[in-house]
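This report refers to the structure that appears directly beneath it.
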Amino acid sequence: MNIAVASGKGGTGKTTIATNLALSLSRNGCEVQYLDCDAEEPNGHIFLKPEFEQSVDVMVPVPHVDQYQCTGCGLCGDLCQYGAITCVKGKVLVFEELCHSCGGCTAVCPVNAITERDRKVGIAEFGNSNGIKFGHSLLDTGAVQTPALINYVRKHAVTDGVCIIDAPPGTSCTVIEAVKNTDYVLLATEPTPFGLSDLKVAVGMVRRLGIPFGVAINRCDIGDDEVEVYCREEDIDIMLSIPNSRKVAEAYSRGEMMVEVSPEFAQKFVILYENINSEVDDATTELSASH
Ligand code: SF4
Ligand code: SF4
């Protein structure tokens, strides 16, 4: 099963929940994989401290123009939506760092003057953290192809056991790449006006994607009860509530796991997984009945 942990905004405890869920399930005997898909700011490794066994350059195709074959027609520049290729006074300029590797310019060139060559946009690393299979990626500075890195890491998802996907914050294309085709999305939030506002956007995203989802409220005893009211009105399950704890906050600041300093949470994470499992089963049954 693939479970994505996402949030409409950063700083809501998404990585805390994802890493502690992974560790709790692993200690409970599950085959667990943790994939950090926050390629711009991965920090799951700070908590899980994996031993890396493999590091791979992630490459994407970018256009290369044969200026001798090029007729300067400008069709490639007209097509590109990202300003990554342009024709100036009959000469084509390529800005590789802006290219999104759609392949459109290569396809549209009437004289086949464009071929593709690989450009490195980051690295992906894979390893092991006390029995948890670990994967993450790191975007090169100035590169824009975060979805390519996320896609690369997700291709390494195991089919057996549980795969926890730590999604980037927000609701942009990088988040879609991280959560699409997962079995369940757990939306982490906080009980504040900011948490609620971003939760609403995130709920809209997962509803459009048609993925079963629920909410985890971090630091549930601060702020107000508007997130709970919203979830009740929208018939959204609150799957986990984590109280504010100085002990947990101090552990976080040292890069330590919540379940190490507050072992009582381990069982809560196991129950969370069991509840997610049964929600996914219910959703699958409903889907089969509707067909
Ligand atoms: S591959 Fe797509 S994004 Fe890249 S330069 Fe060509 S048209 Fe633009
Ligand atoms: S589409 Fe081909 S021929 Fe036309 S400007 Fe671009 S590279 Fe040159």
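Values in this text are rule-based calculations from the coordinates and carry no lab data. Source: prediction; values computed, not measured. With ideal geometry, Cβ positions are generated from the backbone for all residues, glycine too; neighbour counts draw on all protein chains shown.
What to note about this one:
- For the chain, the longest principal axis of the Cα atoms and the long axis of helix 264-290 meet at an angle of about 60 degrees.
- Ranking VAL88, CYS173, LEU98 by Cα position along the charge dipole of region 77-225, where only Lys, Arg, Asp and Glu carry charges on their C-beta atoms, puts VAL88 farthest toward the positive end.
- Rounded tilt (10° steps) of 193-209 against the dominant C-alpha axis of the chain: 60 degrees
- Length-normalised contact order of region 67-112 in % [C-alpha pairs under 8 Å, at least 6 apart]: 40 percent
- Take each peptide in 271-278, 188-195, count the other Cβ atoms within 10 Å of every residue, and average; sorted highest first, the result is 188-195, 271-278.
- Helix-only arithmetic for the chain: the sum of -39500 (n - 2.57) across DSSP H runs with n ≥ 4, divided by the residue total, places the mean residue ellipticity at 222 nm at -11000 deg cm²/dmol.
- Whichever lysines have a C-alpha closer than 25 Å to that of LYS247, once near sequence neighbours (fewer than 8 apart) are set aside: LYS9, LYS14, LYS49, LYS268
- Computed as a quarter of the hull surface, the mean projected area of the alpha carbon convex hull for region 67-112 stands at 2.9 nm².
- When you work out D = kT/(6 pi eta Rh) for region 67-163 at 25 °C and 0.890 mPa s, using the Kirkwood radius from C-alpha pairs as Rh and the Stokes-Einstein form, the result is 155 µm²/s.
- Working from the Cα coordinates of region 157-254, the gyration tensor eigenvalues give, after taking √(5λ), semi-axes of 23, 19, 12 Å in decreasing order.
- Ranked by how many other beta carbons lie within 10 Å on average, peptides 145-153, 48-56 from highest: 145-153, 48-56
- Across every direction, the projection of the convex hull enclosing the Cα atoms of the chain has a mean area of 17.9 nm².
- In summary, the convex hull built on the alpha carbon positions of region 1-116 has an orientation-averaged projected area of 10.7 nm².
- Rounded to whole numbers, the Karplus 3J(HN,Hα) couplings from phi for region 17-25 are 5, 5, 6, 6, 5, 4, 5, 5, 5 Hz, using 6.51 cos²θ - 1.76 cosθ + 1.60 with θ = phi - 60°, and x at Gly and Pro.
- Using the Karplus relation 6.51 cos²θ - 1.76 cosθ + 1.60 with θ = phi - 60°, the per-residue 3J(HN,Hα) values for region 144-153 come to 10, 8, 4, x, 5, 5, 4, 4, 4, 5 Hz, with x marking Gly and Pro.
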